[in-house]
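Here is the structure we will look at, set down as structure tokens.
The values are calculated or read from the model by the stated rules, or taken from the named source; none is laboratory data. Not measured: the values here are computed from a predicted model. Cβ placement follows ideal geometry from the backbone for every residue including glycine, while neighbour counts extend to all protein chains displayed. We work out accessible area using only protein heavy atoms, side chains counted, and drop any ligands, DNA or RNA first. Shrake-Rupley method; radii C 1.70, N 1.55, O 1.52, S 1.80 Å.
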Amino acid sequence: ITAATRIRLHQRTFRERVLAAYKRQCAFCRRRHEELLDAAHIIPDSEPAGEPVISNGMALCHLHHTAFDKNFIGVRPDYVIEVRQDILNESDGPTLRFAIQGLHETKILVPENRLLRPNPELIRMRYDRFRRSDQSA
């Protein structure tokens with residue numbers, strides 16, 4: 001049996017730079033446990049626009065990283081979180097209610113340095129994808 005592994009050489013550096021820019025806290029919920037944080041790409045690094053630069057990243061806890069990647073949560077160009085309508089309508093216990101639905105219409109944490117903030121064009125591209133997923137849900 002042979003297995004191929006793709007190693008993203010930039011990932012460790014990207015993670016360190018993104019977490020430092022966000023002062024080691026989740027941009028959505030402000031959780032500070034570094035071992036629970038990821039450097040989430042706004043545009044995936046498998047795409048041409050998905051460069052491993054801070055402005056294409058956000059520090060997110062594991063839960064919010066997955067919710068963002070699966071388009072449960074989107075970020076508008078004004079840095080306000082939107083939760084997909086079908087997820088807002090769902091009833092499923094405290095984690096969904098507080099950790100996902102409770103983020104709706106709240107503003108994300110952004111780095112103080114404007115140059116390190118999410119690139120507005122990348123956020124718009126990602127938000128457009130989120131909106132299309134909301135229509136298909």
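When both region 10-31 and region 112-128 are represented by their alpha-carbon centers, they are found 15 Å apart. The angle separating the long axis of helix 11-21 from the principal Cα axis of greatest extent in the chain is about 60 degrees. For K107, the amide hydrogen comes within under 5 Å of the amide hydrogens of I81, counting only partners 5 or more places away or on other chains and with H modelled in the peptide plane. Toward the positive end of the charge dipole of the chain, with +1 on the Cβ of Lys and Arg and -1 on the Cβ of Asp and Glu, the farthest Cα among N71, I54, I123 is that of I54. Put a dot 7 Å past the Cα of D128, heading toward its Cβ, do the same for R76, and the two dots end up 1.8 nm apart. Counting only protein heavy atoms and using a 1.4 Å probe, what share of the accessible area of the chain belongs to carbon plus sulfur, as a whole percent? Answer for the chain: carbon and sulfur cover 52 percent of the accessible area.
For region 31-36, putting each phi into the Karplus relation 6.51 cos²θ - 1.76 cosθ + 1.60 with θ = phi - 60° gives couplings of 4, 10, 6, 4, 5, 9 Hz, in residue order, rounded to whole numbers and with x for Gly and Pro. In the context of the full set of protein chains, residues of region 25-137 present 52 Å² of accessible surface per residue (probe radius 1.4 Å, heavy atoms only). Loop-located GluC sites (Glu not before Pro) in region 30-137 (DSSP state not H, G, I, E or B) with no more than 15 neighbouring Cβ atoms inside 10 Å: E90, E105, E112.
Shown in residue order for region 58-71 are the 3J(HN,Hα) couplings computed by the Karplus curve 6.51 cos²θ - 1.76 cosθ + 1.60 at θ = phi - 60°: 9, 7, 9, 5, 3, 4, 6, 4, 5, 4, 5, 5, 8, 6 Hz (x for Gly and Pro). Helix 120-136 and the long axis of the chain differ in direction by around 50°, with both axes built from C-alpha atoms. Counting only protein heavy atoms and using a 1.4 Å probe, the accessible area of S91 comes to about 110 Å². With θ taken as phi - 60° and the Karplus curve 6.51 cos²θ - 1.76 cosθ + 1.60 applied, the whole-hertz 3J(HN,Hα) list for region 47-54 is 9, x, 7, x, 5, x, 10, 4 Hz, x standing for glycine and proline.
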